[in-house]
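Please treat every number below as a calculation from the coordinates, not as lab data. Everything numeric here is computed off the predicted structure, so don't read it as measured data. Positions of Cβ are generated from backbone atoms using ideal geometry, with glycine treated the same way; all protein chains shown enter the neighbour counts.
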Amino acid sequence: MSAVMVDYGNQEAAMRAYLAEGERRAFALGNRGPIRFAPDGKVHPDILAAYWRCGFYVFEGVLKSDELADIEADIKHILDRLPVRRGAAVDRHGRPALSSDCVAPTLQWARPLGDPFGGTQLANGRHPVKMFEPTAAAGAPEEVVYLILGSLQFSPAALRVYGHPQLLAVAAAVNGDDFTPFNEALFIKEPGLGASVAWHQDGVTHWNSPDWDEGTHGFNFMAQLYGCTPANGVWVVPGSHKLGKADIKAMVARDGSERLRDAVPIVCQPGDVAITNRQAVHGSFANTSPDWRVTVNFGFHRRRSVLGVVTQGTVHAAAGVYDEARIRERARALGYAIDARRQRFPHETPFVYAPHAKTGETFHYDAAAQASLKDYNLLDLSI
């Protein structure tokens with residue numbers, strides 16, 4: 001994968017200083033390290049305390065070299081099968097393009113180094129300020145794919161990451177043993193092309209609920225294939241997940257630009273996995289660096305935050321009621337993921353998902369199971 005160099009024009013010096021200072025502050029937070037367990041087998045309380053304090057945590061060295069190689073092979077195949085342009089039915093080889101037969105939303109496009117959501121009413125208007133958009137190099141394509149939704153149907157390797165026993169143990173520790181899925185995606189930030197994601201908080205349903213708290217809207221895991229840097233990674237305002245709905249426009253006005261003074265970058269090596277609270281103010285800058293970022297993204301919710309929610313439909317989910325039947329059907333992918341991982345990594349002890357154990361449901365992953373995941377993300381549980 002070749003790299004392209006562009007810069008922030010007359011803001012380059014200020015941006016470089018901001019990236020360096022943010023990285024220094026990020027490493028001073030004390031919220032990173034391997035996944036550790038206490039003598040009772042539960043996730044170590046120091047990890048949970050740091051996560052709830054900061055709103056994110058970096059788990060180091062979770063995915064090993066063989067698993068990273070599996071993911072990379074899938075990513076290269078996916079990129080090779082992308083449509084030649086938005087709406088095209090074929091890839092660059094003339095074959096049916098990735099997702100061309102899908103009903104569910106999958107490929108999200110943006111102008112190179114653009115900000116497709118900032119300052120618009122898209123995604124319920126939760127990206128209120130547009131990010132600086134650097135000028136892409138001459139010859140850049142008109143649009144690039146920066147986000148692939150419903151990723152488990154396209155990548156068996158991503159499905160196996162989804163079933164990682166230690167990560168699922170963290171999900172249970174944070175959201176309860178009866179946690180539910182949210183959605184899964186691949187973020188593709190190509191060097192010199194990757195779009196920004198404007199500052200925002202995720203979650204639309206529970207901000208004014210009387211039982212709202214710092215964990216109401218769940219979290220995302222972000223597994224890094226190549227690692228991530230201040231230049232291409234996600235930035236977070238530590239502690240902002242506890243404060244309710246933020247006035248992001250006022251924050252940007254206070255600081256004089258979108259370089260929010262309190263934000264820090266999530267910095268990872270290949271194989272690290274970050275957990276990020278969806279209520280935290282977060283975003284990412286256009287990738288003007290020479291480095292790829294490929295993130296295997298997947299989120300989980302508390303069951304009580306999801307059960308009974310009525311949705312009118314979002315980019316993540318079809319309209320309907322999140323009843324027990326829908327949650328059970330959506331969790332089928334998790335059952336397949338756990339068994340797919342068991343087959344690929346037989347030395348691991350598979351995770352036991354409590355709702356499946358309670359009902360006695362069992363899952364066997366094979367080619368038919370993989371095929372059955374087509375359009376599974378129509379049942380995403382977005383709140």
Segment A14-F345, length gained on full extension (0.36 nm per residue, minus Cα span):
114.6 nm
Going Cα to Cα from K130, which lysines come in below 23 Å? Please leave out same-chain ones fewer than 8 positions away.
K189, K245, K249
Which trypsin sites (Lys or Arg not before Pro) in the range 20-108 sit in a loop by DSSP (not H, G, I, E or B) and have at most 15 other Cβ atoms within 10 Å of their own Cβ?
R36, K42, K64, R85, R86, R92
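With 10 angstrom as the radius, rank S209, S240 by how many other C-beta atoms surround their C-beta, starting from the fewest.
Final ranking by Cβ density, sparse to dense: S209, S240.
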Integer Hz, Karplus 6.51/-1.76/1.60 couplings in order for the range 324-334, x for Gly and Pro:
4, 5, 5, 4, 4, 5, 5, 6, 4, 4, 5
Theoretical gain in end-to-end length, A49 to A368 [0.36 nm per residue, Cα-Cα removed]
110.7 nm
Go ahead and run the numbers for FRET between A137 and A319, Cβ-Cβ distance against an R0 of 51 Å, rounding to 0.05.
0.80
Read through the labelled values (i) 34, 29, 20; (ii) 30, 25, 21; (iii) 35, 27, 17 and report the label of the one computed as semi-axes √(5λ) of the Cα gyration tensor in Å from the structure.
(ii)
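For the chain, what is the mean residue ellipticity at 222 nm derived from helices alone (per DSSP H run of n ≥ 4: -39500 (n - 2.57); sum divided by total residues; nearest 500 deg cm²/dmol)?
Result for the chain: -7500 deg cm²/dmol, rounded to the nearest 500.
For a protection proxy built on the mean count of beta-carbon atoms within 10 angstrom, sort 116-129, 187-200 highest first, please.
Numbers: 116-129: 16.7, 187-200: 24.6.
Descending mean neighbour count gives 187-200, 116-129.
Going by C-beta contacts inside 10 Å, put Y376, Y353 in order with the fewest on the left. Present the calculation step by step, with values, prior to reporting the outcome.
Working: Y376 19, Y353 22.
By the 10 Å Cβ count, ascending: Y376, Y353.
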